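**Q** Let me give you the structure first, and then I'll get to my questions.
The values are calculated or read from the model by the stated rules, or taken from the named source; none is laboratory data. Since the model is a prediction, treat every value here as computed from it, not as a measurement. Note: ideal-geometry Cβ built from the backbone for every residue, glycine included; neighbour counts use all protein chains shown. With ligands, DNA and RNA removed, areas are computed over all heavy atoms of the protein, side chains included. Shrake-Rupley method; radii C 1.70, N 1.55, O 1.52, S 1.80 Å.
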Amino acid sequence: MTIPLRLMVFTDLDGTLLDHDTYSWAAAQPALAALKDLSAAVVLASSKTAAEVGTLRAALGLQDWPAIVENGAGHLPPGVSSVQGGSGYADLRQILAGLPPDLRQNFRGFGDVTLAQLGEMTGLPPAGAQLAQQRDFSEPGQWLGTVQQQADFLTHLQAQGVSAQQGGRFLTLSFGGNKVDQLRKIVQRYAPQHTIALGDAPNDVQMLEATDFGVVVANPHRAPLAPLQGEAEGRIIRSTAAGPQGWNAAMLHFLDRLQLNKG
Ligand SMILES: [Mg+2]
């Protein structure tokens, strides 16, 4: 007999579970420990690569749960540290290589640059840049041309099934998929009784609106999100404290509210 999963938590990393400046999750430790006591699932959902998320997931002791990587372009199954047999990234690079050179030359992808250049593009230290370059599903990059050239570039890619998401810093190419697509597949597979999502940015909104409960974690480094669907009814709440501190308080609040807190 399998025990039903009572609670599944989906969480963004940067600015949500991880502190914006220090990348520490120490302040969320009490709530993480309470979730562990409940055998609740915690699914990390990030723009980071499988290589980056796998390292963090192991450090958090969450390797028994899947993780959503590269902004939902793919997922990292439980118990493994890398994605096996994914051909998405190689296919993307091949499609890029086949574009007319006048369009191709205006896109500077993570796979086009050296580690030192990637460090400059992302602000990551060399070890971090190396993990960010180990891609499985999507190719972020800088657009160096005009808006019209970008439209031509995207039309060529679209014809080959490639879509683009414009983020704060990078234009990210993939064969589709976002955080909420992956979330829905995972929820279907595990059928948890309750779901909660936590995030701090526009690319987390759909995820917060797709779960039973949501938490907008305060991030003083960006403009606050506009009111979300479900916020007026209290299905989605906002944390007062930023990052892991806000994460901790909001999670303990929901454990009380759902009467799941043993302590
Ligand atoms: Mg974030």
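**Q** May I ask you to list the residues in the stretch 8-24 that are buried (at least 22 other Cβ atoms within 10 Å of the Cβ) and away from the ligand (no atom under 11 Å from the Cβ)?
**A** Correct list: Met8, Val9, Phe10.
**Q** Further question: For the stretch 63-76, does any single residue satisfy the condition of being open to solvent by less than 10 Å² (accessible area, probe 1.4 Å), in contact with a Leu (Cβ under 7 Å, 6 or more places away or on another chain) and in a loop (DSSP other than H, G, I, E, B)?
**A** There is at least one residue in the stretch 63-76 that is open to solvent by less than 10 Å² (accessible area, probe 1.4 Å), in contact with a Leu (Cβ under 7 Å, 6 or more places away or on another chain) and in a loop (DSSP other than H, G, I, E, B).
**Q** When both residues are 6+ apart or on different chains and their Cβ atoms are under 6 Å apart, which pairs have a first residue that lies in the stretch 46-74 and is within 16 Å of the ligand (Cβ to nearest atom), and a second that is open to solvent by 30 Å² or more (accessible area, probe 1.4 Å) and not in a loop (DSSP other than H, G, I, E, B)?
**A** Matching pairs, first to second residue: Ser47/Asn71; Glu52/Leu131; Ile68/His75; Gly72/Asp181.
**Q** Being outside any helix (DSSP H, G or I), among the small types (Gly, Ala, Ser) and open to solvent by 10 Å² or more (accessible area, probe 1.4 Å), is that true of even one residue in the stretch 47-56?
**A** Of the stretch 47-56, the ones outside any helix (DSSP H, G or I) are 47-49.
Cutting the leftovers down to among the small types (Gly, Ala, Ser) gives us 47.
With the extra rule that they be open to solvent by 10 Å² or more (accessible area, probe 1.4 Å), the set shrinks to 47.
Yes, because at least one residue in the stretch 47-56 is outside any helix (DSSP H, G or I), among the small types (Gly, Ala, Ser) and open to solvent by 10 Å² or more (accessible area, probe 1.4 Å).
**Q** Which one of Pro101, Pro77 is modelled with pLDDT of 95 or more and within 17 Å of the chain's Cα centre (by Cα)?
**A** Details: Pro101 fails: within 17 Å of the chain's Cα centre (by Cα).
One residue alone meets the criteria, Pro77.
**Q** In the stretch 215-230, which residues are within 24 Å of Arg257 (Cβ to Cβ) and open to solvent by less than 100 Å² (accessible area, probe 1.4 Å)? Walk me through how you get there before you give the answer.
**A** Taking the stretch 215-230 as the starting set, the residues that turn out to be within 24 Å of Arg257 (Cβ to Cβ) are 215-219, 224-225, 227-230.
Of everything in the stretch 215-230, those that are within 24 Å of Arg257 (Cβ to Cβ) and open to solvent by less than 100 Å² (accessible area, probe 1.4 Å) turn out to be Val215, Val216, Val217, Ala218, Asn219, Leu225, Leu228, Gly230.
**Q** Cβ-Cβ under 7 Å, sequence separation 6+ or interchain: first residue in the stretch 176-205 and within 23 Å of Arg222 (Cα to Cα), partner in a helix (DSSP H, G or I) and more than 16 Å from the ligand (Cβ to nearest atom). Which pairs?
**A** Val180/Ala210; Ile196/Phe254
**Q** One residue is enough: does the stretch 85-94 have a residue meeting the conditions open to solvent by less than 10 Å² (accessible area, probe 1.4 Å) and outside the structural domain of Tyr190 (by TED's automatic domain parsing)?
**A** Looking only at the stretch 85-94, we keep the residues that are open to solvent by less than 10 Å² (accessible area, probe 1.4 Å), and these are 92.
In the following step, the residues that additionally are outside the structural domain of Tyr190 (by TED's automatic domain parsing) were identified as 92.
Within the stretch 85-94, one or more residues are open to solvent by less than 10 Å² (accessible area, probe 1.4 Å) and outside the structural domain of Tyr190 (by TED's automatic domain parsing).
**Q** Sticking with this one: Could you list, in sequence order, all residues of the stretch 112-166 that are touching a residue at least 40 places away in the same chain (Cβ under 8 Å), under 21 Å from Leu99 (Cα atoms) and in a helix (DSSP H, G or I)?
**A** Hits for the stretch 112-166 are Gln149, Gln150, Asp152, Phe153, His156, Leu157.
**Q** Assess whether Asp136 counts as being more than 16 Å from the ligand (Cβ to nearest atom) and open to solvent by 60 Å² or more (accessible area, probe 1.4 Å).
**A** Working: more than 16 Å from the ligand (Cβ to nearest atom): yes; open to solvent by 60 Å² or more (accessible area, probe 1.4 Å): no.
No.
**Q** Report, by residue number, each residue of the stretch 9-27 that is within 18 Å of Phe213 (Cα to Cα) and either part of a helix (DSSP H, G or I) or out of contact with any helix residue (DSSP H, G or I) (no Cβ under 6 Å at 6 or more places or on another chain) (or both).
**A** Step one: list which residues in the stretch 9-27 are within 18 Å of Phe213 (Cα to Cα), which gives 9-13, 16-17.
Matches in the stretch 9-27: Val9, Thr11, Leu13, Thr16.
**Q** Condition first: modelled with pLDDT under 95 and over 13 Å from His75 (Cα atoms). Now tell me which residues in the stretch 176-215 satisfy that.
**A** Answer for the stretch 176-215, where residues must be modelled with pLDDT under 95 and over 13 Å from His75 (Cα atoms): Asp200, Ala201, Pro202, Asn203, Asp204, Val205, Gln206.
**Q** Follow-up question, since we're still on this one. Report the residue count in the stretch 185-238 for those that are in a strand (DSSP E or B) and within 13 Å of the ligand (Cβ to nearest atom). It would help to see each step written out before you state the result.
**A** Filtering the stretch 185-238 for residues in a strand (DSSP E or B) gives 194-199, 213-218, 236-238.
From the residues that got through so far, the ones that are within 13 Å of the ligand (Cβ to nearest atom) too are 197-199, 215-218.
Here the count works out to 7.
**Q** Looking at (1) within 16 Å of the ligand (Cβ to nearest atom); (2) farther than 20 Å from Ala33 by Cα; (3) open to solvent by less than 40 Å² (accessible area, probe 1.4 Å), can you tell me which one Gly243 breaks?
**A** Result: Gly243 fails condition (2) only.
**Q** State whether the residues of the stretch 186-205 include one that is of a type in the set (Asp, Glu) and surrounded by 22 or more Cβ atoms within 10 Å (Cβ to Cβ).
**A** Within the stretch 186-205, the subset of a type in the set (Asp, Glu) is 200, 204.
Remaining after also requiring surrounded by 22 or more Cβ atoms within 10 Å (Cβ to Cβ): 200, 204.
Yes, that holds for at least one residue.
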